[in-house]
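Worksheet for the structure shown next.
No value in this document is a laboratory result; all are computed from the given coordinates. Bear in mind that the values here come from a model prediction, so they are computed numbers and not experimental data. Cβ placement follows ideal geometry from the backbone for every residue including glycine, while neighbour counts extend to all protein chains displayed.
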Amino acid sequence: MKVNIRRLAELTGYSPTTISNALNRKKGVNEQTAAFILQTAQGQGYVNKSDITKIKLIMYKENGFIVEDTPFFSSVIDGFEKECRWCGLEMAMCYLDHRKKDYENELKSLLTDTTAGVVLLGTEISDEEIRRFGMLKAPFLTLEYWAHDMSYNGVFINNADSAGLAAEYLIQKGHRKIGYIAGDFRINAFRERRAGLEKGLGKHGLCLQEKYVVMLRPTMEDSYREMMEYLKGNPSLPTAYFADNDMLALGAMKALQEYGIEVPEKVSMIGFDDLPFCEISSPRLTSLRVPKQEMGQEAARRMIEMIRTGSRTRAKIQICTELIERDSVKELIPRA
């Protein structure tokens, strides 16, 4: 008889739902039960017993502008590590820096290693560079990156829809002149956020005017300094800005205030990520909250499933955001 989940349920006495949850290491199944179900599944040939007992989480850096200046990734890594530990797998944190002289040797060593699953935190990686990871023999998943040719498993933020949500929120608050503070290092996530913002504006017959687009380096210090320089040119300002991330929003907001432009009285601001700084800034920054720990956990769960089942099915897992309303957006029209 071909072994399937229903057959495993008969053999173990547990429901198909419990079997599925245990094999995918979802919460709600105690460790003893999960271990028994996994052992039975391996014995029946439903799950391949893998020699892989470790997962490498690779932090890729192109220039470090995104990943070195924010606490965002520490929360993602923490969630990833907790899930690995709960599932009994070792996690190794590695760094792959494109700026280093020994980058090629480090990459070659990684690509030829078959003893560990590989999760690439690819926020800064380019579409060209990601193709080199196609040589990997071990299970591979991208975190915070998605290859549009669908060649890899990926877990990432639903960037476009989230930016569209920000546009909808600002429009409902009465804003029609909506600007965009863009990170000048154009990672895929930022490009998708711009596309989502434009689509959200387009639904209401609006467009993103280039005179309201400001390109800044995506660190808090640089965005503050460059926004101050931009304001010296006496530019036309929108009534509200959507920023690619909180670091850009906070730096630009500080510059606006120091230049005598009150936030949100004159210009409103909305960020992306919901970093801890948002709660203590003045005004407190409205932002799109990314469930950072949960995203790390989801990536770990998917990799563990790939290791334990040998699944070759590629999955695209998008993490949704939540808009956290604070004090940095002014309502231009009274509520009905």
Subject >> Hits among lysines - C-alpha to C-alpha of Lys108 under 17 Å, sequence gap 8 or more where chains match >> reply: Lys56, Lys61, Lys100, Lys137
**OP:** Using a 10 angstrom cutoff on alpha carbons, build the Gaussian network for the chain and name the most mobile of Glu305, Glu168, Glu129.
**Re:** Glu129
**OP:** Please name which of Phe72, Met306, Ala195 has its Cα lying farthest along the dipole of the chain towards the positive end, using unit charges on Cβ (Lys, Arg +1; Asp, Glu -1) and the Cα centre as origin.
**Re:** Met306
**OP:** Please give the FRET efficiency for Met93 paired with Arg7, using the beta carbon to beta carbon distance and R0 = 41 Å, rounded to the nearest 0.05.
**Re:** 0.55
Subject >> Prolate/oblate/rounded label for segment 177-225 (Cα gyration tensor, a/c 1.5) >> reply: oblate
Original post:
Of Pro238, Ala163, Cys278, which is farthest on the positive side of the dipole of the chain, counting Cα position, with +1 on Lys and Arg Cβ, -1 on Asp and Glu Cβ, and the Cα centre as origin?
Top reply: Ala163
Subject >> FRET E, pair Lys177, Ser311, Förster distance 30 Å, beta-carbon r, rounded to 0.05 >> reply: 0.05
Original post:
Relative to the present Cα-Cα distance, how much length would full extension add between Met215 and Glu106 at 0.36 nm per residue of separation?
Top reply: 35.9 nm
**OP:** Multiply the residue gap between Ile261 and Glu31 by 0.36 nm, knock off their C-alpha separation, and tell me the result in nm, one decimal place.
**Re:** 77.1 nm
**OP:** Please report, in whole Å, how far the alpha carbons of segment 116-215 spread along each principal axis, starting with the longest.
**Re:** 52, 22, 18
Subject >> Descending principal axes extents, the chain, alpha-carbon based, whole Å >> reply: 73, 56, 34
Original post:
How high is the relative contact order of the chain, given as a whole-number percent (alpha carbon pairs under 8 Å, six or more residues apart)?
Top reply: 19 percent
**OP:** For segment 59-125 and segment 247-266, compute the distance between their C-alpha centroids and round to whole Å.
**Re:** 34 Å
Original post:
What is the gain in length, in nm to one decimal, between Thr53 and Ser15 on full extension, counting 0.36 nm per residue of separation less the C-alpha to C-alpha distance?
Top reply: 10.9 nm
